[in-house]
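**Student:** Structure below; questions to follow.
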Amino acid sequence: MGDGFCYDEKLISPVVQSLRIDLHSHSTYSDGVLTPAELVQYAASKGVAMLALTDHDEVGGLQEAAAAAQKAGIIFVPGVELSATWAGSTVHVLGLGVDPDCPALAGGIALLATSRQCRAEQMARRFDAIGIKDSLDGASRFASKPTAVGRSHFARFLVERGCARNMGEVFKRYLTPGKPGYVPHQWARLDQAVA
């Protein structure tokens, strides 16, 4: 096969072939547009058999998603997507089967939340400086809480405000390095996120 994978489809169980599994999804607790329960309901409507909720730097929606998954008959995997800095770049560490009550995880997430909130405030000041007022309030409407506000929330606000036609255009014009709303960020080190 040209894709670099060699396998015999006849050897793969028909049960496995028919399973629909999503191990990377986001809710309104980070940058998703559906609540955890709505996300589970949507996944169920699409025939998903196993779902992991992996919000960015957040485990607050896991309990709601787990309860909804139990009602929907979906296997639920508690997860998180941690932001980390490695070799000068932002990377995301996907954690599956996490314990949301783990003190080390909770402490790390609390530090990331504080850092994320400071970044959002800096971004809002940059938007104020170019004449786009009330961006933090506008972005906050799309987030579950103030410490969850990130670039995607600002992007939704800017589309709503008419500053761009879509989120891709917002990122291109405002939210990438060298653009007026971009604020570089130092996340946890990769070894900290993995730990």
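The values are calculated or read from the model by the stated rules, or taken from the named source; none is laboratory data. From a predicted model like this one, the values you see are computed outputs, not experimental measurements. We place every Cβ from the backbone using ideal geometry, glycine too, and count neighbours over all the protein chains shown. Remember, those area values only see protein heavy atoms, side chains included, never the ligands or the DNA or RNA. Shrake-Rupley method; radii C 1.70, N 1.55, O 1.52, S 1.80 Å.
**Student:** I want the local charge near ARG126. Using Cβ-Cβ distances under 14 Å, sum +1 for each Lys or Arg and -1 for each Asp or Glu among the other residues.
**Tutor:** Charge balance near ARG126 sits at +3.
**Student:** Provide the percentage of antiparallel DSSP beta bridges, counting only those with both residues in the chain; round to the nearest 5.
**Tutor:** 45 percent
**Student:** Leaving ligands, DNA and RNA out of it, rank HIS26, HIS153 by accessible area with a 1.4 Å probe, largest first.
**Tutor:** HIS26, HIS153
**Student:** Also, quick follow-up: Once amide H atoms are built 1.01 Å from N in the peptide plane, which residues 5 or more positions from ILE74, or in another chain, come under 5 Å H to H?
**Tutor:** The list, which skips near neighbours in sequence, is empty: none.
**Student:** Another question about this same structure. State the percentage of accessible surface on the stretch 84-193 attributable to carbon and sulfur atoms; use a 1.4 Å probe and exclude ligands, DNA and RNA.
**Tutor:** Its accessible area is 55 percent carbon and sulfur atoms.
**Student:** Would you kindly state the longest site-free stretch of the chain, with sites defined as trypsin sites (Lys or Arg not before Pro) in a DSSP loop (not H, G, I, E, B) surrounded by at most 16 other Cβ atoms within 10 Å?
**Tutor:** Counting at most 16 other Cβ atoms within 10 Å as exposed, the longest clean stretch of the chain is 47-132.
**Student:** So which residue, out of SER30, SER115, SER45, gets the largest mean-square fluctuation from a GNM of the chain using Cα contacts under 10 Å as springs?
**Tutor:** Highest fluctuation among the options: SER45.
**Student:** Same structure again: Test of understanding: given the chain, find the longest segment containing no chymotrypsin sites (Phe, Trp or Tyr not before Pro) that are in a DSSP loop and have at most 14 other Cβ atoms within 10 Å.
**Tutor:** Answer - 8-195.
**Student:** Run the accessible area of the stretch 22-64 with a 1.4 Å probe and give the carbon-and-sulfur part as a rounded percent.
**Tutor:** Looking at the stretch 22-64 in its full context, I get 56 percent from C and S.
**Student:** Just list whichever of LYS46/LYS179; LYS145/LYS172; LYS145/LYS179 have alpha carbons separated by over 32 Å in the model shown.
**Tutor:** Flagged as over cut-off: LYS46/LYS179.
**Student:** When ligands, DNA and RNA are left out and all protein chains stay put, how many square angstrom of accessible area per residue does the chain have with a 1.4 Å probe?
**Tutor:** 56 Å²
**Student:** While we're on this one: Could you go through the stretch 144-160 in sequence order and give the Karplus-derived ³J(HN,Hα) for each residue, using 6.51 cos²θ - 1.76 cosθ + 1.60 with θ = phi - 60°, rounded to whole Hz, and x for Gly and Pro?
**Tutor:** 6, 7, x, 6, 9, 5, x, 4, 5, 5, 5, 4, 4, 4, 5, 5, 4
**Student:** Can you list the HN-Hα couplings for the stretch 174-181, worked out from phi with the Karplus curve (6.51, -1.76, 1.60; θ = phi - 60°), rounded to whole Hz and with x for Gly and Pro?
**Tutor:** 10, 10, 10, x, x, 9, x, x
**Student:** State the label only: which of [x] 32, 19, 19; [y] 43, 20, 16; [z] 27, 22, 15 corresponds to semi-axes √(5λ) of the Cα gyration tensor in Å computed from the shown model?
**Tutor:** Step by step, semi-axes √(5λ) of the Cα gyration tensor in Å for this structure corresponds to label [x].
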